[in-house]
Each structure stands twice: as C-alpha cells, then as structure tokens.
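One structure below.
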Amino acid sequence: MKTTWIGLAGLTLLCACSAPSNEDTPEPVALVTVATAVPQTVGETVKLYGIADSGPGGQASLVAPIEARLVAIDTSIGTAVGQGQAVLRLIPGPTATLEIAKARSDVQAATAAYARAQRLRADGLMSDADVETARAAKATASATIQSLTGRSLTLRAPMAGHVEGITARPGDIIAAGTSIASISGNGPARARFGVDPGLVRSIRAGAAVTLARAGALDRFPSHIESVDPLVDPQTRLASVYAILPAASQVRTGEALTGEVVMSGGGSALVIPYRALLDDAGQPFVFVVAKGVANRRDIATGANDGTHVAVLRGLKMGDQVVIDGGTALQDGMKVRLR
C-alpha cells in the first residue's frame, strides 16, 4: 500500500509539471491607428432632389385671351420654335360666341342711341349731359367688342426656345386666362430643388453644391445661387436654386440631384467619420487609454462625410481608434501604428 501511494503522488506531480501555465500565454494585442477628439465646426451633407428650369425671365406662358376651343397644335412638346412662330390655334368657345354676338348688338344699339342723342341736342330737346351719357355707352360697347375680337386666337412663341409643355388637346374648351402652353427660352438653365423648410435656413447662397442628372454617375461642381424660404402651398417645400454650368448640357425639365453641406451652426466635439462603429443602431467608438481600448457608446450630430460631431459620450482629447477598430473587443490591449 505504501508503494502505491508513492506512485500516485509522483504521477500527480508529473501532471502538474507538464500542464501549461496561464502566465506563459501572451495576451492578444491589436495594432490600431488613433485620432484625437477636438472642437471643430462641421456641416452636414444634405441630398437634394429637383429639376432644371429656365430661370427667371426664361419662360413664358401662352394664355387663352377669351373662352376658346383649341382646334390645332402647330408645334408639339419639345420642338424648337422661333420668336413669333405659331404654336396653338383657337376659335371662340360657345360662351364667347354668345358674348361676341351680344357685344355686337350692344355696339349697334349704342351707336344708334348716340346718333339720336346728337340730333335731339341739335333740336334743343336733349341736354349736353344726356349726349355725353350716350357717347360713354357707345365707347363702353365698342371696348367690349374689341376685347372679345381684337386679339389673335393664334398663339405664338414670344421668344426663341422650345415648347416645354402643353396642357390641352384639340377640341378642349379653355377658360379665359388659362395657360395652355409654356415656352422655355434658350438662355442658361438652372437647378431648382425642393427643401424641407426646417433645413433651408442652414443652406447659404454661395455654398458649394455637387450636381448630377438623376441616376447618372457623372458629377459637376456648382454653387447655390439663391435660397427662397417661402413654402410652396402644393409641395410644402422651400426652394433652393443652383447655377448649371454650360458644360453640363442639362436641358430644362431634366431631373437632377445635388449634395450640399449645410452650415454647422457652431463648434462641437468632432472625430473622423471612419472611427464610427455601429451595434444594432447604437453608434460607438473605441477609446484608447494606457494601451487598452475601451468601447464608448456615443450620440452623433451633423456629419459632412469626413467628420462627425459627437454630442455625448466623449470628452476633448480622447484618443479614438480610426483604423483596426473592427477587430477589437472591449478591454483589449492595443499598440499604436
């Protein structure tokens, strides 16, 4: 029994000597690059959506002068037109036809009444005031018939350009004063974007903007020409206008996109955008202190694609990991590149 006990003890001692020691296993060390959180002004890049238009004074509408029927379209949408070229032909509508007939009858009656008043005045049977009243009635009747028949019902382009839109078809009855077609001039086009009224105050005239045709890869730089904070009652959006470079060859009516950096509105704690990591929607970074990387959940603000403002979770001077963060775990030792 004594010999057996000595063998077991020796076996136990042998196993203890051959087991690996935890002290001999090196801890993993990650190689990272860091950047310092510093106060800085940062703007936010906003995506814009809109179209190209002809700019102020570069567009004109063709309007029905009286209630009329559209009988012919001489120039279709998209067609180039010269100044004075016929675009649409109209004839008086049913109501206008009746109004013209009545106006002609009124002119005849007023002319006869004025002539009679003049004869009676010559015979001393009517006063000067009565003659003047008859003359005024004749002038009013003549003006009415002139307004109904004195304007051409062939609508022509007021300037050289192209037909941008036509809102009626042959046979349609058009109310007086209704725009039937729009003509865009050959001047330089501009970009017009609809912007949320809450954001438009942060976009400044002169700010750089990158433009592109919708769905296209080619980009061309420009700048904001003007900002109109007035809200369109139909779209509920304000308007931002940008210059379209001649080299872009964009035509009016084309859909456009743009990217503009809004003014940041003051200084904030800023880190490089590539330091950001995400955990199910929670942004976080790794902060390095004394050779150890610790996870820090943060709240972010404006970003311009290169930098991002940090509203909560960091303090000035914190060293955040910008390269190598995806391989880190909370509390891991790190070495700086």
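Rounded to the nearest 10 degrees, the inclination of helix 2-18 to the longest alpha-carbon principal axis of the chain is 40 degrees. Net length available on complete extension from Arg295 to Ile100 is 61.8 nm, with 0.36 nm assigned per residue and the Cα-Cα distance removed.
Dipole of the chain computed with +1 at Lys/Arg Cβ and -1 at Asp/Glu Cβ about the Cα centre; of Ala280, Val231, Ser76, farthest Cα towards the positive end is Ser76.
Could you give the alpha-carbon Rg of the range 50-130 over 2.2 N^0.38 Å, rounded to two decimals?
Here the answer is 2.00, to two decimals.
A Cβ-based charge dipole, computed about the Cα centre of the range 112-236 with Lys and Arg at +1 and Asp and Glu at -1, lands at about 180 debye.
Compute the Cα gyration tensor for the range 232-337, then decide on rounded, prolate or oblate, letting a ≥ b ≥ c be the square roots of its eigenvalues: rounded whenever a/c is under 1.5, prolate when a/b is larger than b/c in the other cases, and oblate in all that remain. Present the calculation step by step, with values, prior to reporting the outcome.
On the way: a/c = 3.08, a/b = 2.50, b/c = 1.23.
Prolate, since a/c reaches 1.5 and a/b exceeds b/c.
Ordering Ala143, Phe193, Thr154 by the projection of their Cα atoms onto the charge dipole of the range 135-202, which places +1 on the Cβ of Lys and Arg and -1 on the Cβ of Asp and Glu, puts Ala143 at the extreme positive end. Positive contributions from Lys and Arg (+1) and negative ones from Asp and Glu (-1), summed over other residues with Cβ under 12 Å from the Cβ of Ser226, come out at +1.
Between the amide H of Met159 and those of Gly84, distances stay under 5 Å, these residues lying 5 or more places away or on another chain, with hydrogens modeled in the peptide plane.
When +1 charges are put on Lys and Arg Cβ atoms and -1 charges on Asp and Glu Cβ atoms, the dipole computed for the chain relative to its Cα centre reaches about 400 debye.
Taking the chain, how many lysine pairs are there with alpha carbons less than 29 Å apart, if each pair must be eight or more places apart or span two chains? Mind dumping the intermediate values first?
Details: Lys102/Lys138; Lys290/Lys315; Lys290/Lys333; Lys315/Lys333.
Going through the chain pair by pair, I get 4.
For Rg and Dmax of the Cα atoms in Å, computed directly from the structure shown, the correct entry in [x] 22.6, 73; [y] 40.2, 168; [z] 20.2, 64 is [y].
For the range 164-309, what does the convex hull of the Cα positions come to per residue, in cubic angstrom?
Numbers: hull volume 28.8 nm³, N = 146.
Measuring per residue, one finds 197 Å³ for the Cα hull of the range 164-309.
Gap in Å between the Cα centre of the range 131-171 and the Cα centre of the range 216-252? With the range 216-252 and the range 131-171 each reduced to a Cα centre, they are spaced 36 Å.
Every number in this text was worked out from the coordinates using simple rules, so none of it is lab data. Nothing here was measured: the structure is a model prediction, and the numbers come from that model. So basically every Cβ, Gly included, is an ideal-geometry build from the backbone, and we count neighbours across all protein chains shown.
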